[in-house]
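Readers should treat all values here as calculations from the given coordinates under stated rules, not as data from a laboratory. Quantities reported herein were computed from a predicted structural model and do not represent experimental measurements. Note that we place each Cβ from the backbone using ideal geometry, even for glycine, and neighbour counts take in every protein chain shown.
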Amino acid sequence: MSAPSPGAPEAPGLTFLAELSVTVAEPIDVGPTPEGHRRVIPITGGTVSGPVLNGRVLPGGADYQLLRSATLTELDARYVLETDDGERIFVHNTALRHGSARDIELLNSGSAVDPSKIYFRCWPRLTTASPALDWLNTRLMLGTGERLPGRVVIRIFTVD
C-alpha cells in the first residue's frame, strides 16, 4: 500500500464497543452443497463486556457457516444479547475467516490455532428496540474474531 496522496480524505476512526465471548456447541454438519460445505454452529450463551455494553449472550442463536474452500469460510451468525439492564440487542454478524488449509481444518475440528495465523474479520449489525440504545441502530460496526475451543471471541468497534 502506498501513502495517501496530499489532500486525500481521512479514513474514519474506530471506537471499541465491546468484547463478546460466545460459547458454542458441536457443529451440525450439513455437508457439501452446490454453494459449498455447510455447517451450523449452535450458540449456547456467553458474555458481553465493554465500556458501554455489558451483559450476556442468550442461548438459541447460531452461526451458519459456508466453507467456500479449504482456506476460506463465510460466517453468518444471528443471536441476541441481553444487557445488565435487561435491554435486548439483535446481532447479525457476517464474517470472513481465512487461513492455510491445515489451520482451517484444525479450527473446524475444534482445535486451537494461533490467532495470528487466521484472518477473521466481521461486520456486525446491532439492532434494538431499546430507546436508551437506539444509537446502535444508526452505527456501522467492524470487528475482529478469534475461534477458540468451545467459544468465539468477537471484538466490536463502531466506525466513527
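Taking mean projected area of the Cα convex hull in nm² as calculated from this structure, the corresponding entry among (1) 9.5; (2) 28.7; (3) 11.2 is (3).
The order of the peptides 68-74, 112-118 by mean Cβ neighbours within 10 Å, most packed first, is 68-74, 112-118. For the chain, averaging the sequence separation of C-alpha pairs within contact (under 8 Å, six or more residues apart) and dividing by the residue count gives a relative contact order of 22 percent. For the chain, what does -39500 (n - 2.57) per DSSP helix run (n ≥ 4), summed and divided by total residues, give at 222 nm, in deg cm²/dmol to the nearest 500? So the calculated ellipticity at 222 nm is -1500 deg cm²/dmol.
Extending 7 Å from the Cα toward the beta-carbon at both residue 138 and residue 112 defines two label points whose distance is 4.4 nm. If you sort the three axes of the alpha carbon gyration tensor as a ≥ b ≥ c, you get a/c of 1.5 or more for the stretch 1-44 and a/b no higher than b/c, which makes it oblate. Only the Cβ atoms of Lys and Arg (+1) and of Asp and Glu (-1) were treated as charged; on that basis the dipole of the stretch 14-159 about its Cα centre amounts to roughly 280 debye.
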